[in-house]
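The values are calculated or read from the model by the stated rules, or taken from the named source; none is laboratory data. Not measured: the values here are computed from a predicted model. Cβ coordinates were reconstructed from backbone atoms using ideal geometry, including for glycine residues, and neighbour counts include every protein chain displayed. Surface accessibility is based on the protein's heavy atoms, side chains included, excluding ligands, DNA and RNA. Shrake-Rupley method; radii C 1.70, N 1.55, O 1.52, S 1.80 Å.
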Amino acid sequence: VITTPDGASIFIDGIYKGITPTKIELPIGGYTLKVVKDGYNTHTSYPIISSGNTNKFEYTLSAIS
């Protein structure tokens, strides 16, 4: 998971998984991925992880106006 700017907190299904950028290994299935950084809008997506694939998730966070 990569964000611009770096340093966003990563939550998978509501569980804290680290700070961007980082690599997270997940079993096959669907997830709620949330990245949170103070001063920026939270980004939420719903990736589906399938067998044998490596997925790269890149997000540009927008500053709160």
note = For T3, the residues 5 or more places away or on another chain with a placed amide H closer than 5 Å to its own amide H are Y59
key: I19 paired with S62, simple spin-label distance in nm, labels 7 Å along Cα-to-beta-carbon   = 2.6
note = Computed about the Cα centre, the charge dipole of the chain from +1 Lys/Arg and -1 Asp/Glu charges at the Cβ has a magnitude in debye, to the nearest 20, of 40
remark   = A correct Karplus calculation of ³J(HN,Hα) over the range 18-28, with 6.51 cos²θ - 1.76 cosθ + 1.60, θ = phi - 60°, whole Hz and x for Gly and Pro, returns x, 10, 6, x, 7, 10, 10, 9, 10, x, 4
request  = May I ask for the Kirkwood hydrodynamic radius of the chain, worked out over all distinct Cα pairs and given in angstroms to one decimal?
outcome  = 12.1
task = Taking H placed 1.01 Å from N in the peptide plane, check which residues at least 5 places from G18 or on another chain put their amide H under 5 Å from its amide H.
result = I10
query = Carbon and sulfur together cover what percent of the accessible area of the range 15-65 at a 1.4 Å probe radius?
reply = 51
remark   = For the chain, the per residue accessible area (1.4 Å probe, Å²) is 66
remark   = Amide H proximity to H43 below 5 Å, modelled H, separation 5+ or other chain, gives V35
query = So for the pair T4, L26, with labels modelled 7 Å out along Cα→Cβ, what separation do we get in nm?
reply = 2.3
